[in-house]
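Quick note: the coordinates plus some simple rules give every number you see, no bench work behind them. In this text the structure is predicted, and so the values were computed from the model without any measurement. Cβ: placed from backbone, ideal geometry, glycine included. Neighbour counts: every protein chain shown.
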Amino acid sequence: MMEQNGNPARPVALVTGAARGIGRAIAQRLLRDGFDVAVLDVRDPQEMTDGMEALASEAGQGAVQYVKADISRTEDRAEALAAVRRRFGRLDVLVNNAGVAPRVRADLLETGEESLDFVLGVNLRGTFFLTQAAARWMVERVNAGEPLRPAIVNVASISSYVSSVNRGEYCISKAGVSMVTALFADRLAEYGIPVHEVRPGIIRTDMTAKVEEKYDRLIREGLLPIARWGTPDDVADAVSVLVSGRLAYSTGQVVDVDGGFHIRRL
Ligand SMILES: NC(=O)c1ccc[n+]([C@@H]2O[C@H](COP(=O)([O-])OP(=O)(O)OC[C@H]3O[C@@H](n4cnc5c(N)ncnc54)[C@H](O)[C@@H]3O)[C@@H](O)[C@H]2O)c1
């Protein structure tokens, strides 16, 4: 029998982009919820915020595996899932959190092909094909009658529906991710695999550090009903609910984690 380090009774979650920020908070939260967790990131493990040891020590009984992979690369996606299979032998939950902003914010009239390919390649293409591969594995397990506590959660954004003309490629990618949610929710319902989405608003992470002053001002001026920055833990809490298995008659749900930003106000 294949050697596995995880406890076969524990469900396993794979969280992409989990070396820092929102992904790290999700990994930590799912460990506390009783999952073994595979932390996937394109960064080296040494670059991880607070490191693997810190995460493992917060994990209680849970096992943590670091998988270095670039989700935009076909061979990396395959190898990442193979590594999870070798280590844990199962995959219950996939959280598609890895995402990039354009390297340079450029006006829509100047958006270059390379930037569009880069952002879509990670956020949309990477998410789509990793979901497809993970879903095939989950379906295999369902068909074989093997234990599974399945869920897939995509981390989209308010940019799924809000126009920002200085990073159009990001908005297009997140709108695409929202359709990935709907498509896989539809396709996987027959196997009892729910697919949901969180749409973070303005969350304090390295990604938003460059635009901190702008968002501070907008929040002060009344942009958000809940007048504060969101935290990675706010998003992790929502993911925790969505993968809890307690929403048995729901799939394709979108949870806005945005301080009420999506509410139209007069
Ligand atoms: N911070 C926000 O305000 C905010 C708002 C809405 C949505 N989001 C989304 O939340 C997710 C996490 O954002 P964050 O703010 O924590 O960003 P972040 O930049 O702090 O973290 C993203 C992580 O993803 C990893 N990553 C990037 N490209 C990758 C690739 N090709 N393969 C594997 N890993 C890769 C990075 O190395 C990094 O560790 C992203 O999808 C982002 O678009 C963030």
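With +1 on the Cβ of every Lys and Arg and -1 on the Cβ of every Asp and Glu, and nothing else charged, how large is the dipole of region 60-120 about its Cα centre, in debye rounded to the nearest 20?
Values: 9 positive and 10 negative charges, 123 e Å.
Using only the charged Cβ atoms, the result is roughly 600 debye.
Exposed loop positions in the chain were taken to be chymotrypsin sites (Phe, Trp or Tyr not before Pro) whose DSSP state is not H, G, I, E or B and which have at most 15 other beta-carbon atoms within 10 angstrom. Between these positions, the longest stretch is 1-160. For Lys68, the lysines whose Cα comes closer than 25 Å to its Cα, not counting residues fewer than 8 places off in the same chain, are Lys174. Within the listed set Asn143, Asn97, Asn123, the Gaussian network model of the chain (springs between alpha-carbon atoms below 10 Å) gives the highest mean-square fluctuation for Asn143. Near Gly230, the amide H atoms lying under 5 Å from its own belong to Ile202, Ile203, Arg204; only residues 5 or more places off or on other chains count, and H is placed 1.01 Å from N.
For region 12-257, the fraction of alpha-carbon pairs lying more than 31 Å apart is 19 percent, rounded to a whole number.
Site pair Ala82 and Arg105 shows an inter-label distance of 4.1 nm when each label is modelled 7 Å from Cα along Cα→Cβ. 3J(HN,Hα) along region 160-172, derived from phi through the Karplus expression 6.51 cos²θ - 1.76 cosθ + 1.60 where θ = phi - 60°, amounts to 4, 9, 9, 7, 10, 6, 9, 7, x, 5, 5, 4, 4 Hz, with x in place of Gly and Pro.
Find, among the trypsin sites (Lys or Arg not before Pro) in region 200-266, those assigned to loop by DSSP (not H, G, I, E, B) with at most 12 other beta-carbon atoms within 10 angstrom.
Working: sites: Arg204, Lys210, Lys214, Arg217, Arg220, Arg228, Arg246, Arg264, Arg265; in loops: Arg204, Lys210, Arg228, Arg246, Arg264, Arg265.
For trypsin sites (Lys or Arg not before Pro) across region 200-266 that sit outside H, G, I, E and B with at most 12 neighbouring Cβ atoms in 10 Å, the list reads Lys210, Arg228, Arg246, Arg264, Arg265.
A simple spin-label model places pseudo-atoms 7 Å from Cα toward Cβ; at Leu116 and Asn143 they are separated by 3.7 nm. For Val257, the amide hydrogen comes within under 5 Å of the amide hydrogens of Arg199, Gly201, counting only partners 5 or more places away or on other chains and with H modelled in the peptide plane. Summarising the label geometry, the points placed 7 Å from Cα in the beta-carbon direction at Thr74 and Glu53 lie 4.1 nm from one another.
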